[in-house]
Amino acid sequence: DYVVVKMIPDNRLPPRHLHSVHTGKTFAVIKWESPYDSPDQDMLYAVAVKDLVRKTDKIYKVKTQNSTVEYTIKKLEPGGKYHVVVQLGNMSKESSMKINTVPLSAPDALKIITENDHILLFWKSLALKESNFNESRGYEIHMFDSLMNITAYLGNTTENFFKVSNLKIGHNYSFTVQARCLYSGQMCGEPATLLYDELGTGEDSSATKTGRSTDIAAIVVPVLFLLLVTLGIGFVVLYMRHRRLQNSFTAFANSHYSSRLGSAIFSSGDDLGDEDDEAPMITGFSDDVPMVIA
């Protein structure tokens, strides 16, 4: 035997499993389930969206018999903060959640041009890739001094460049450019960051280190090559001089060698004159040669 029992739906229960499916710059897709399974009639939901930045409220009505409900909240602002409340139209218990929309992208191609006493920051217009950005909103620029550990707000502009002066020699700076923050700095775009060292390269740190290493190598390698060439030439010159001295000494010794005595005979040089250079040297008298005295 069995019996069928049908439970009476409780319309005072809150929607279940409220969560965000996808969040963009100007919209958010949320999803929830009905307070109880398999509703037998259409259910009216109230979706209240409170803008935490602007302090405004909007209410949307959703009518469906589905157990799982998916709804897209539109006309949101990039970088905004919202509080979403979902409940049945009879003001039953509620389910809530917070949503942060995606902020505007960072400006592209941020570069630095160094002038005599200042630098210029350049970047591409954000309106080229962000349809929700108006140039009248402008950009704001910040600077971080790593030596002093200080972040400074430099100002804002509606142009695509900004002049920075009074930079100190020997300091490293980081510059950020982003869509101007709205409502007391609560709705900002993503920042584009560029590192700038005291040499004014306007590159990031890794590129700066790579450039410096390349410059050092370009100087050191030729110098080492010249030193090696100079040392090689010096060794060759010393070797040739050594060979010449050795050959000259050998020739000199051979020209003064006496086969009878078996040794070389050298003069003291005191009695040698310019005219005696070619005169034969008398080395002695032999016993078989008669001596004639006039």
Which ones in the range 96-106 are open to solvent by less than 20 Å² (accessible area, probe 1.4 Å) and assigned to a strand (DSSP E or B)?
-> 99
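For residue 12, are the conditions met, namely being assigned to a loop (DSSP other than H, G, I, E, B) and under 14 Å from residue 94 (Cβ atoms)? Outline the logic, then answer.
Details: assigned to a loop (DSSP other than H, G, I, E, B): yes; under 14 Å from residue 94 (Cβ atoms): yes.
Spelling it out, residue 12 is indeed assigned to a loop (DSSP other than H, G, I, E, B) and under 14 Å from residue 94 (Cβ atoms).
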Go through the residues of the range 30-53 one by one and say whether even a single one is touching a residue at least 40 places away in the same chain (Cβ under 8 Å) and open to solvent by 90 Å² or more (accessible area, probe 1.4 Å).
-> no
Note on the range 109-130: residues touching a Ser or Thr at 6+ places or on another chain (Cβ under 9 Å), of a type in the set (A, V, I, L, M, F, W, C) and either open to solvent by 20 Å² or more (accessible area, probe 1.4 Å) or not in a strand (DSSP E or B) (or both) are 110, 112, 120, 126
Given the structure, is residue 193 open to solvent by 50 Å² or more (accessible area, probe 1.4 Å), over 18 Å from residue 136 (Cα atoms) and part of a strand (DSSP E or B)?
-> yes
Would you check which residues across the range 139-161 are aromatic (Phe, Trp, Tyr) and over 20 Å from residue 104 (Cα atoms) and list them?
-> 144
Would you pick out the residues in the range 131-190 that are small (Gly, Ala, Ser), open to solvent by 50 Å² or more (accessible area, probe 1.4 Å) and in a loop (DSSP other than H, G, I, E, B)?
-> 131, 136, 146, 184
Among the residues of the range 110-134, write down those that are within 15 Å of residue 159 (Cβ to Cβ) and without any contact (Cβ under 8 Å) to a residue 40 or more places away in the chain.
-> 122, 124, 125, 127, 128, 134
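The values are calculated or read from the model by the stated rules, or taken from the named source; none is laboratory data. Fair warning: this is a prediction, and the values are worked out from it, not measured in the lab. FYI the Cβ positions are ideal-geometry reconstructions off the backbone, even for glycines, and counts take in every protein chain you see. Each accessible area value is taken on the protein alone, full model and side chains, heavy atoms only, with ligands, DNA and RNA left out. Shrake-Rupley method; radii C 1.70, N 1.55, O 1.52, S 1.80 Å.
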